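First up is the structure itself, then whatever we jot down about it.
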Amino acid sequence: MKLEEEIKQRKFESPAQKAVLNVMFTANWLSTAFRDNFKPFGITAQQYNVLRILRGRYPNAANPSEIKEVMLDKNPDLTRLCDRLCAAGFIKRTIDDANRRKMNIIISQKGLDLLANMDDKVRESQKQMNHLSEKECETLSSLLDKMRG
């Protein structure tokens, strides 16, 4: 459906305004689809993102600054996110032997199992992109990269 129909607005100040609103609207639309798929697993999109990052580094650990550096959302309270993931048994935190002020975080087997169970639902959310060809997806990614400078 066209943006104009979705937000019931016929005129825009400029093509740039329409593009920005369309990106914002679409980002929220995708976020909702992912959030709905995460709900049955009892985790948030931000928690999923942390687990995804840690799975990518597994079997190695990461420290909080390394995780925050590559997170999709740079604003969350990572300490609180990790507290919840640790309490649920999805991650383990240890003090670094070489630097006692440094925390190491590693995904647990329970966290790996959770992500394995979620993989099909995540792929299902990505089906939102099925309306675009592979080439169109590449073009869209390239344009979004260019927009961010």
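A few points about this structure:
- Among the residues of the stretch 121-142, those that are of a type outside the set (Lys, Arg) and surrounded by fewer than 10 Cβ atoms within 10 Å (Cβ to Cβ) comprise Asn130, His131, Glu134.
- Residue within the stretch 48-59 that is of a type in the set (D, E, K, R) and at pLDDT below 95 present: no
- Under the condition of being within 18 Å of the chain's Cα centre (by Cα) and either open to solvent by 90 Å² or more (accessible area, probe 1.4 Å) or not hydrophobic (A, V, I, L, M, F, W, C) (or both), the residues counted in the stretch 99-112 number 1.
- Condition check for Thr94: out of contact with any Phe, Trp or Tyr (no Cβ under 7 Å at 6 or more places or on another chain), among the β-branched types (Val, Ile, Thr), open to solvent by 30 Å² or more (accessible area, probe 1.4 Å) and assigned to a helix (DSSP H, G or I): no
- Residues of the stretch 76-90 that are at pLDDT below 90 and open to solvent by less than 30 Å² (accessible area, probe 1.4 Å): Pro76 alone.
- The set of residues from the stretch 91-125 being small (Gly, Ala, Ser) and modelled with pLDDT of 95 or more comprises Ser108, Gly111, Ala116.
- Tally of residues being open to solvent by 60 Å² or more (accessible area, probe 1.4 Å), in a helix (DSSP H, G or I) and touching a Leu at 6+ places or on another chain (Cβ under 9 Å) across the stretch 23-57: 4
- The stretch 76-91, residues that are assigned to a helix (DSSP H, G or I), farther than 13 Å from Thr44 by Cα and touching a strand residue (DSSP E or B) at 6+ places or on another chain (Cβ under 8 Å): Cys86
- Condition met for Asp73 (touching a residue at least 24 places away in the same chain (Cβ under 8 Å), among the charged types (D, E, K, R), assigned to a loop (DSSP other than H, G, I, E, B) and open to solvent by 30 Å² or more (accessible area, probe 1.4 Å)): yes
- For Phe12, the conditions (1) modelled with pLDDT under 90; (2) of a type in the set (Phe, Trp, Tyr); (3) touching a Lys or Arg at 6+ places or on another chain (Cβ under 7 Å) are fulfilled apart from (1).
The values are calculated or read from the model by the stated rules, or taken from the named source; none is laboratory data. In this text the structure is predicted, and so the values were computed from the model without any measurement. All Cβ positions, glycine included, derive from the backbone under ideal geometry; neighbour counts span all protein chains shown. Protein only, heavy atoms only, side chains kept; ligands, DNA and RNA dropped before computing areas. Shrake-Rupley method; radii C 1.70, N 1.55, O 1.52, S 1.80 Å.
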